[in-house]
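No value in this document is a laboratory result; all are computed from the given coordinates. These figures come from a predicted structure and were not determined experimentally. Neighbour counts are summed over all protein chains in view; Cβ atoms, including those assigned to glycine, are modelled from backbone coordinates with ideal geometry.
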Amino acid sequence: MTESVYKIIELVGTSEKSWEEAARMAVETASKTLKDLRIAEITKLDMKIEEGRITAFRARVNVSFKYHG
C-alpha cells in the first residue's frame with residue numbers, strides 16, 4: 001500500500017425534498033471541481049423552518065479527497 005495524504009473539507013448541501021438529496025447535492029457539486037473524492041461523512045442534519053413549515057433540509061458533510069501537494 002502506498003502512503004497518501006487526504007484533505008477534509010466541510011460542505012453544507014440543501015434541498016427542499018430530503019436530507020439525502022441535500023447530502024447528494026453537496027457531494028455532486030464538490031465533485032465538479034475536486035478530484036479523487038474518497039469519503040463523505042454526514043456530521044449534522046437540520047431543517048430550515050419558516051412560518052411553522054419546513055422549507056429546506058440541510059446536510060453538513062465532511063468530504064475527504066486525496067491531497068496532491
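Here are a few things to note about the model shown:
- Residues of segment 28-44 that turn out to be within 12 Å of residue 60 (Cβ to Cβ) and not charged (D, E, K, R), as a count: 3
- Counted residues, segment 18-39 - those being touching a strand residue (DSSP E or B) at 6+ places or on another chain (Cβ under 6 Å) and either under 12 Å from residue 67 (Cα atoms) or touching a residue at least 24 places away in the same chain (Cβ under 8 Å) (or both): 13
- Scanning segment 1-17 for residues that are exposed (fewer than 12 other Cβ atoms within 10 Å of the Cβ) and polar (S, T, N, Q) yields 2, 4.
- Residues in segment 3-17 that are free of Cβ contacts under 8 Å to residues at least 60 places away in the same chain and assigned to a loop (DSSP other than H, G, I, E, B): 3, 16, 17.
- Selection status of residue 21, exposed (fewer than 14 other Cβ atoms within 10 Å of the Cβ) and of a type outside the set (Ser, Thr, Tyr): no
- Residue match in segment 38-57 (condition: part of a strand (DSSP E or B) and aromatic (Phe, Trp, Tyr)): yes
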